Amino acid sequence: MSINVTKSTYEAEVLKSDVPVVVDFWAAWCGPCRMQGPILEQVEKENEGKVKVVKVNVDEEGELAMTFGVQSIPTLLFYKDGKVINKAIGVRDATAVKKTLGI
């Protein structure tokens, strides 16, 4: 199950994670975002303990979205060892997400 992340929890949940993290920048009103969510949950469930998925609601965390230059949603940031390894804009299927994470 995806964790909702805020500015105050971003460092602990994302930057200090000991497994790769997918950060999903989304909004409730965004149709493509509602398509992306279940795909990410599936990847996380299939790779339990090997990857973490977190969500950032851009309407509630606008400052965080601005910090990472999010202009379109969904935007996915892929982290390994606290560093961004890739950024994807738009819906990505499970195969593309796993390939980016190397799993």
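Derivation of every value follows stated rules applied to the coordinates shown; laboratory data play no part. What you see is a predicted model; the values in this text were computed from it and never measured. All Cβ positions, glycine included, derive from the backbone under ideal geometry; neighbour counts span all protein chains shown.
Of the trypsin sites (Lys or Arg not before Pro) found in the range 1-47, those that fall in a DSSP loop while having at most 15 other beta-carbon atoms within 10 Å are 7, 16. Straight Cα distances below 19 angstrom link residue 98 to the lysines 45, 50, 52, 55, 80, 83, 87, with same-chain residues fewer than 8 positions distant left out. Our helix-only sum for the chain, with -39,500 (n - 2.57) per DSSP H run of n ≥ 4 divided by its residues, gives a mean residue ellipticity at 222 nm of -8500 deg cm²/dmol.
Among the chymotrypsin sites (Phe, Trp or Tyr not before Pro) within the range 16-83, those in coil by DSSP and having at most 10 neighbouring Cβ atoms inside 10 Å are 29.
Exposed loop sites were defined as GluC sites (Glu not before Pro) in DSSP loop states (anything but H, G, I, E or B) carrying at most 16 other C-beta atoms within 10 Å; in the chain the longest segment without such a site runs 1-47.
Across q = 0.13, 0.24, 0.29 Å⁻¹, the range 55-103 modelled as identical point scatterers on its alpha-carbon atoms has Debye log10 I(q)/I(0) values of -0.32, -0.97, -1.18, in the order of the q list.
Within the range 1-98, antiparallel bridges make up roughly 60 percent of the DSSP beta bridges whose residues both belong there. Normalising the Debye intensity of the chain to I(0), with uniform scatterers on Cα atoms only, and taking log10 at q = 0.17 Å⁻¹ returns -0.68.
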